[in-house]
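So the structure is just underneath, and the comments pick up after that.
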Amino acid sequence: MPHILIVEDEPSTSWALSEGLSDDGFTIDTFRTGEDAWQWLQQGKSDLVISDLRLPGMSGIELARKLQRGPHAQPVILVTAYGAPDKGRALERAGIVDCFAKPFLIDQLRQSVQRALTGSRSRRKPRKPRGATS
(Lines give C-alpha, C1' and ligand atoms only; values in the text may rest on other atoms or scores of the structure.)
Protein backbone atom coordinates (compact mmCIF):
# COMPACT_ATOMS: atom_id res chain seq x y z
CA MET A 1 0.00 0.00 0.00
CA PRO A 2 1.66 3.28 -1.08
CA HIS A 3 2.45 5.82 1.61
CA ILE A 4 1.85 9.53 0.98
CA LEU A 5 2.99 12.50 3.04
CA ILE A 6 0.81 15.58 2.89
CA VAL A 7 2.55 18.79 3.94
CA GLU A 8 -0.04 21.54 4.26
CA ASP A 9 -0.35 24.29 6.88
CA GLU A 10 -4.05 24.94 6.24
CA PRO A 11 -6.01 22.36 8.31
CA SER A 12 -9.06 22.29 6.02
CA THR A 13 -6.94 21.67 2.90
CA SER A 14 -4.89 19.04 4.70
CA TRP A 15 -8.08 17.28 5.79
CA ALA A 16 -9.61 17.46 2.29
CA LEU A 17 -6.47 16.01 0.68
CA SER A 18 -6.23 13.27 3.27
CA GLU A 19 -9.90 12.33 2.96
CA GLY A 20 -9.89 12.53 -0.82
CA LEU A 21 -6.91 10.19 -1.15
CA SER A 22 -7.56 7.79 1.73
CA ASP A 23 -10.50 6.32 -0.21
CA ASP A 24 -7.92 5.10 -2.75
CA GLY A 25 -6.26 2.90 -0.14
CA PHE A 26 -3.18 5.00 0.55
CA THR A 27 -1.53 5.26 3.93
CA ILE A 28 -1.34 8.98 4.67
CA ASP A 29 0.54 11.08 7.19
CA THR A 30 0.03 14.82 7.42
CA PHE A 31 2.40 17.54 8.54
CA ARG A 32 2.01 21.30 8.87
CA THR A 33 5.61 22.22 8.11
CA GLY A 34 8.34 21.05 5.79
CA GLU A 35 10.65 20.69 8.77
CA ASP A 36 8.26 18.27 10.49
CA ALA A 37 7.91 16.18 7.33
CA TRP A 38 11.69 16.15 6.86
CA GLN A 39 12.20 15.02 10.47
CA TRP A 40 9.72 12.19 9.98
CA LEU A 41 11.46 11.13 6.77
CA GLN A 42 14.73 10.69 8.65
CA GLN A 43 13.19 7.58 10.21
CA GLY A 44 10.20 6.76 8.00
CA LYS A 45 9.64 6.12 4.32
CA SER A 46 7.02 7.38 1.92
CA ASP A 47 6.38 6.93 -1.79
CA LEU A 48 5.14 10.43 -2.61
CA VAL A 49 4.95 13.89 -1.06
CA ILE A 50 2.13 16.33 -1.72
CA SER A 51 3.17 19.73 -0.42
CA ASP A 52 1.88 23.26 -0.33
CA LEU A 53 4.24 25.65 -2.07
CA ARG A 54 4.23 28.23 0.70
CA LEU A 55 4.69 26.91 4.20
CA PRO A 56 6.00 28.46 7.39
CA GLY A 57 9.77 27.90 7.38
CA MET A 58 10.85 25.50 4.64
CA SER A 59 8.84 25.90 1.41
CA GLY A 60 7.51 23.01 -0.64
CA ILE A 61 10.24 23.56 -3.23
CA GLU A 62 12.94 23.57 -0.55
CA LEU A 63 11.57 20.31 0.85
CA ALA A 64 11.55 18.76 -2.64
CA ARG A 65 15.16 19.81 -3.22
CA LYS A 66 16.24 18.29 0.09
CA LEU A 67 14.48 15.06 -0.78
CA GLN A 68 16.26 14.79 -4.12
CA ARG A 69 19.70 15.27 -2.53
CA GLY A 70 19.32 12.50 0.02
CA PRO A 71 18.36 8.86 0.27
CA HIS A 72 14.67 9.83 0.42
CA ALA A 73 14.27 10.82 -3.24
CA GLN A 74 10.65 10.54 -4.34
CA PRO A 75 8.18 12.43 -6.51
CA VAL A 76 6.61 15.61 -5.17
CA ILE A 77 3.33 17.20 -6.19
CA LEU A 78 2.87 20.88 -5.28
CA VAL A 79 -0.40 22.58 -4.48
CA THR A 80 -0.56 26.35 -4.30
CA ALA A 81 -2.95 29.24 -3.91
CA TYR A 82 -0.38 31.66 -5.35
CA GLY A 83 0.17 30.47 -8.91
CA ALA A 84 3.09 28.50 -10.27
CA PRO A 85 6.65 29.35 -9.56
CA ASP A 86 8.12 30.46 -12.89
CA LYS A 87 10.94 27.93 -12.80
CA GLY A 88 9.89 24.85 -14.82
CA ARG A 89 13.33 23.23 -15.08
CA ALA A 90 14.10 24.02 -11.45
CA LEU A 91 10.88 22.29 -10.44
CA GLU A 92 11.75 19.27 -12.56
CA ARG A 93 15.24 19.01 -11.03
CA ALA A 94 13.67 19.20 -7.57
CA GLY A 95 11.56 16.12 -8.31
CA ILE A 96 8.29 18.02 -8.68
CA VAL A 97 6.10 16.09 -11.09
CA ASP A 98 2.99 18.26 -11.05
CA CYS A 99 1.61 21.50 -9.65
CA PHE A 100 -2.04 22.31 -8.87
CA ALA A 101 -3.61 25.69 -8.18
CA LYS A 102 -6.11 25.79 -5.33
CA PRO A 103 -8.94 25.08 -5.61
CA PHE A 104 -8.34 22.00 -7.72
CA LEU A 105 -10.35 18.96 -8.69
CA ILE A 106 -9.53 15.97 -6.49
CA ASP A 107 -9.95 13.62 -9.47
CA GLN A 108 -7.18 15.44 -11.35
CA LEU A 109 -4.94 15.16 -8.30
CA ARG A 110 -5.76 11.45 -7.99
CA GLN A 111 -4.71 10.90 -11.60
CA SER A 112 -1.44 12.75 -10.99
CA VAL A 113 -0.80 10.69 -7.85
CA GLN A 114 -1.35 7.45 -9.78
CA ARG A 115 1.01 8.57 -12.57
CA ALA A 116 3.69 9.55 -10.06
CA LEU A 117 3.40 6.30 -8.14
CA THR A 118 3.48 4.08 -11.21
CA GLY A 119 6.40 5.94 -12.73
CA SER A 120 4.46 6.83 -15.85
CA ARG A 121 5.54 10.43 -15.52
CA SER A 122 8.34 9.38 -17.90
CA ARG A 123 10.54 12.38 -17.25
CA ARG A 124 7.92 14.87 -18.27
CA LYS A 125 8.19 18.47 -17.22
CA PRO A 126 5.92 19.67 -14.44
CA ARG A 127 2.86 21.40 -15.73
CA LYS A 128 1.78 24.86 -14.75
CA PRO A 129 -0.81 24.83 -11.95
CA ARG A 130 -4.17 23.57 -12.94
CA GLY A 131 -7.29 24.92 -11.33
CA ALA A 132 -10.77 23.56 -10.90
CA THR A 133 -12.05 25.33 -13.99
CA SER A 134 -11.53 22.92 -16.84
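Observations on the structure shown:
- Look at the stretch 53-80: where a residue is closer than 17 Å to V97 by Cβ and a partner is in a helix (DSSP H, G or I) and of a type in the set (S, T, N, Q), sitting 6+ places away or on another chain with Cβ atoms under 9 Å, you get Q74/Q68; V76/Q68; I77/S112; V79/T13.
- Cβ separations smaller than 6 Å between residues 6+ apart or across chains give the following pairs from the stretch 102-118 residues that are farther than 17 Å from L5 by Cβ to residues that are among the basic types (K, R) and assigned to a loop (DSSP other than H, G, I, E, B): R115/R121.
- Meets criteria (among the basic types (K, R) and modelled with pLDDT under 90) for R65: no
- All positions within the stretch 40-57 that are touching a helix residue (DSSP H, G or I) at 6+ places or on another chain (Cβ under 8 Å), within 12 Å of Q74 (Cα to Cα) and in a loop (DSSP other than H, G, I, E, B): D47
- Screening S51, S18, S12 for residues that are among the small types (G, A, S) and over 22 Å from L117 (Cβ atoms) leaves exactly one candidate, S12.
- Those residues of the stretch 34-65 which are surrounded by fewer than 17 Cβ atoms within 10 Å (Cβ to Cβ) and of a type outside the set (D, E), in sequence order: Q39, W40, Q42, Q43, G44, K45, R54, P56, G57
- Pairs linking a residue in the stretch 1-15 that is farther than 15 Å from G34 by Cβ to a residue that is polar (S, T, N, Q), with Cβ atoms under 8 Å and 6 or more positions apart or on different chains, are M1/T27; P2/T27; H3/T27; H3/S46; I4/T27; I4/S46.
- G88 passes every criterion in (1) modelled with pLDDT of 85 or more; (2) surrounded by 15 or more Cβ atoms within 10 Å (Cβ to Cβ) apart from (1).
- Just one of the listed residues (S46, S12, S22) is touching a His at 6+ places or on another chain (Cβ under 7 Å) and of a type outside the set (A, V, I, L, M), namely S46.
- Residues (touching a helix residue (DSSP H, G or I) at 6+ places or on another chain (Cβ under 6 Å) and assigned to a loop (DSSP other than H, G, I, E, B)) located in the stretch 1-39: P2, E8
The values are calculated or read from the model by the stated rules, or taken from the named source; none is laboratory data. Computed from a predicted model, the values in this text were never measured in an experiment. Methodologically, a virtual Cβ is constructed for each residue, glycine included, from the backbone with ideal geometry; neighbour enumeration extends over all protein chains shown.
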